[in-house]
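The block underneath contains the structure these notes are about, expressed in C-alpha cells.
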Amino acid sequence: MRAPLTRRQLLSLASTLAVPLRAAPVLPNIVVILADDMGYGDPQCYNRQSKIPTPNIDRLAASGMRFTDAHTPSAVCTPTRYGLLTGCYCWRSRLKEGVLDGFDPDLIEKGRLTLPAMLKEKGYTTTCIGKWHLGMQWTRRDGTRVPQRGESQAGFRDGFDVDYSKPIGGGPTSVGFDSYFGIAGSLDMAPYCFIENQHAVGVPDIKSAENKDLFMNQVPGLTTKDFTLEGVLPALTARATGFIGRQKGASKPFFLYLPLNSPHLPIVPNKEFEGRSKAGRYGDFVAETDASIGKVLDALDAAGVADNTLVLFTSDNGGLWHWWKFEEADDVAQGKITPRGKNVQDFGHQSNGQFRGTKADIWEGGHRVPFIARWPGKIKAGGVSNELVGLVDLMATVAEITGTTLPRDAAEDSFSLLPALLHEKPAKPVRDHSVFHSVRGMFSIEQGDWKLIMQRGSGGFSVPRLVEPKAAEPVGQLYNIRTDPHETRNVYRDHPDIVAGLTSLLEKIRSDGRSRA
C-alpha cells in the first residue's frame, strides 16, 4: 500500500495544478492562390454583370472576406510577384519596368528575407506550384550562364541555345521553398516545359512555331513531346491537391503558393469548359480557372485542414480583355495579328468592370484586383472590407499572424492586414497610402480620396500610352478616386496643394528606401 502524501507534497501538487498549462499557439496553414491576368470584373461576386460563372470564387467570398479596394504594386506580373513574396516594391530592385522572360536570372536578391523563408523558420513545410516568372539561372550549351536580357534585346528569347539537361540554379527553392513544380514564365514565352525543383521535366527538343493569333501570341521555343498548353492548368491543380492531401495528419503547418498560369495568354480552355461562359474563349478559361480553385478548396475539406487554413485568393494585375485599346489593337487593325473568335467586349463583358484601363496601365483597371481571404473562426463569413490594401502587404500580415518580428531590411513596403481581416472596419486604416507602377515605369500614389499619376497617358497598353503635355497643360493626372473611380476628370490643375503634397510623399518613399516605419 502506497504511503499517504505529506503536507509538503500536497502543497507542491496544488501549486502545480494551479498554474494553467499554456499550449503553443496553433499556426494556421496558408494557401495563396494567384490568378494570372484575372480582372476585378471577372468574378461574379465582384461584378453582377459578369458573363462568366465563378461559383467557387463566389463561395470563397461567401465564407470569407471580400476586399473592394485591393491593389497589386505593379500592373504586370513579374514585379507584382516580387512584391508579394518580399513585401518590397519591385522598382527598388534591378527591374525598373517591364517583366522578365523565361530565361532571365533570379530577380530576388540573395539574402533578402522572403515569405516562404520566413515561414520555413517558423517550422512550415513550404511549396510553390505554378508560374514562377521571377528568374532562374539557366546554362547555355557552351557552359556559360544565360545572362539577363540587355536593353537592346526586344521581346522574349527563344532559348534554342540553352542546355536543358543541366541543373537550373536559383528559382523557388533558393528563396525558401522546400519544393517546386511549375513553369518558368508565362506560356506565351519559352521554355515550354515543366520544371521540378532544379531540373526540366524531360529535355525540350521539339521546336514550337511562333503563333501570332490574338488569343495565343506565342514566341517560338523548344518543348517536349508530352507538354501541351491545355495540360498545364490541370497539372498544376493536380499537384496542388496532391500536396494538400499529403498534409492530412501532418505535424507541421504548410504554406502552399499556387500562382496559376491562367487566364493569361495563351487562352486555352479544355474542351469540357468550351461554351461554359457567355464571354467567349477568355470567359471559358476563367471558368476553368474557377473550377481549379474549387478543387483546391475541396482538397482542403477532404484533408480535414480547412478549418485551420488561411486561404488568400487574388490576381497579379488587372485583366487584359477590357477596353479595346491595348497594345495589340494597332496590329489587329493593320492585319499583323489575326483574332480568332470574338473579343470579350463583343459579348458585353468587361474584365475590369467599371474601372478604366487594362493590364499594364497605371489606371485602376491595371492594378485594382479581386482579393478574398478565408480563415474559419477568425475572418467573418460574408464580410466586405473597403480598406485600401495591397498584395505587397502579405509579408507583414503573415509575420503578425505567426509572431515574427520583421527585420528593418525586410518587407520595407508591407503593412499588416490582420486588423482588417479580423474586423471589417479596423480602428485605424491598414495603410495611409499606396504606390502603383505601370509596365513602362510610370508612377502613381494614392492617399485618402486622391490618386496622383506623375505623367499623362496610361503608361501601359491602353492608348494614349504617353501624352507629352503642351504649354499650360497639366504634366500629370489627379483624380478624386472616391467620387470619380472611373478616372474621367483630371483635376490636376485645380488642386496644386494636393499635387505638391503627394509628389513630396512619393519622393520621400522613393528616397527613404521604405514606406513601412
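The values are calculated or read from the model by the stated rules, or taken from the named source; none is laboratory data. All values derive from a computational prediction rather than experimental measurement. In this analysis, Cβ positions are derived from the backbone assuming ideal geometry, glycine residues included, and neighbour counts consider all displayed protein chains.
Got at least one residue in region 311-328 being crowded, with 17+ Cβ neighbours inside 10 Å, at pLDDT 95 or above and farther than 20 Å from residue 351 by Cα?
yes
Taking region 401-411, which residues are more than 17 Å from residue 74 (Cβ to Cβ) and surrounded by 15 or more Cβ atoms within 10 Å (Cβ to Cβ)? Give the steps one after another, and end with the answer.
Quick first cut of region 401-411, residues more than 17 Å from residue 74 (Cβ to Cβ) only: 401-410.
If the condition is that a residue be more than 17 Å from residue 74 (Cβ to Cβ) and surrounded by 15 or more Cβ atoms within 10 Å (Cβ to Cβ), then 401, 402, 404, 406, 410 are the ones that fit.
State yes or no: is residue 421 touching a residue at least 40 places away in the same chain (Cβ under 8 Å), assigned by TED's automatic domain parsing to the domain that holds residue 378 and surrounded by 15 or more Cβ atoms within 10 Å (Cβ to Cβ)? Can you show your working first?
Working: touching a residue at least 40 places away in the same chain (Cβ under 8 Å): yes; assigned by TED's automatic domain parsing to the domain that holds residue 378: yes; surrounded by 15 or more Cβ atoms within 10 Å (Cβ to Cβ): yes.
Answer is yes for this residue.
As an exercise: evaluate residue 126 against (1) at pLDDT below 95; (2) surrounded by 22 or more Cβ atoms within 10 Å (Cβ to Cβ) and give the number of the one condition it does not meet.
Failed condition: (1).
So residue 486 ticks every box in (1) within 27 Å of the chain's Cα centre (by Cα); (2) of a type outside the set (D, E, K, R); (3) crowded, with 17+ Cβ neighbours inside 10 Å but one. Which box is left unticked?
Answer for residue 486: the failing condition is (3).
Residues are listed down the side, and each one gets a yes or a no for (1) under 28 Å from residue 76 (Cβ atoms); (2) outside any helix (DSSP H, G or I); (3) of a type in the set (S, T, N, Q); (4) touching an Asp or Glu at 6+ places or on another chain (Cβ under 7 Å):
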residue: 233; (1), (2), (3), (4): yes, no, no, yes
residue: 245; (1), (2), (3), (4): no, no, no, no
residue: 248; (1), (2), (3), (4): no, yes, no, no
residue: 262; (1), (2), (3), (4): yes, yes, yes, yes
residue: 268; (1), (2), (3), (4): yes, yes, no, yes
residue: 289; (1), (2), (3), (4): yes, no, yes, no
residue: 293; (1), (2), (3), (4): yes, no, no, no
residue: 300; (1), (2), (3), (4): no, no, no, no
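Can you find a residue in region 275-285 that is assigned by TED's automatic domain parsing to the domain that holds residue 214 and touching a strand residue (DSSP E or B) at 6+ places or on another chain (Cβ under 8 Å)?
No.
(1) in a loop (DSSP other than H, G, I, E, B); (2) in contact (Cβ under 8 Å) with a residue 60 or more places away in the chain: which one isn't true of residue 128, the others all being true?
If we test residue 128 against (1) in a loop (DSSP other than H, G, I, E, B); (2) in contact (Cβ under 8 Å) with a residue 60 or more places away in the chain, just (1) comes out false.
Would you mention how many residues in region 64-102 are over 14 Å from residue 367 (Cα atoms) and of a type in the set (Gly, Ala, Ser)?
5
Does residue 184 satisfy being at pLDDT below 95 and either crowded, with 23+ Cβ neighbours inside 10 Å or more than 30 Å from residue 30 (Cα to Cα) (or both)?
Details: at pLDDT below 95: no; either crowded, with 23+ Cβ neighbours inside 10 Å or more than 30 Å from residue 30 (Cα to Cα) (or both): yes.
Spelling it out, it is not the case that residue 184 is at pLDDT below 95 and either crowded, with 23+ Cβ neighbours inside 10 Å or more than 30 Å from residue 30 (Cα to Cα) (or both).
If a residue must be at negative phi and among the small types (Gly, Ala, Ser), how many such residues does region 429-472 contain?
At the first step, the residues of region 429-472 found to be at negative phi are 429-440, 442-447, 449-456, 458, 460-471.
Among the residues that remain, those that are also among the small types (Gly, Ala, Ser) are: 434, 438, 444, 458, 460, 462, 471.
Going through region 429-472 one residue at a time, the tally reaches 7.
How many residues does region 109-144 hold that are touching a Leu at 6+ places or on another chain (Cβ under 6 Å) and among the hydrophobic types (A, V, I, L, M, F, W, C)?
Number of matching residues: 3.
Among 414, 444, 438, which is the only one that is within 30 Å of residue 254 (Cβ to Cβ), of a type in the set (Ser, Thr, Tyr) and buried (at least 24 other Cβ atoms within 10 Å of the Cβ)?
414
Residue by residue, here is whether (1) within 21 Å of the chain's Cα centre (by Cα); (2) exposed (fewer than 14 other Cβ atoms within 10 Å of the Cβ); (3) closer than 27 Å to residue 306 by Cα holds:
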residue: 195; (1), (2), (3): yes, no, no
residue: 200; (1), (2), (3): no, no, no
residue: 207; (1), (2), (3): no, yes, no
residue: 216; (1), (2), (3): no, no, no
residue: 221; (1), (2), (3): no, no, no
residue: 234; (1), (2), (3): yes, no, yes
residue: 239; (1), (2), (3): yes, no, yes
residue: 243; (1), (2), (3): yes, no, yes
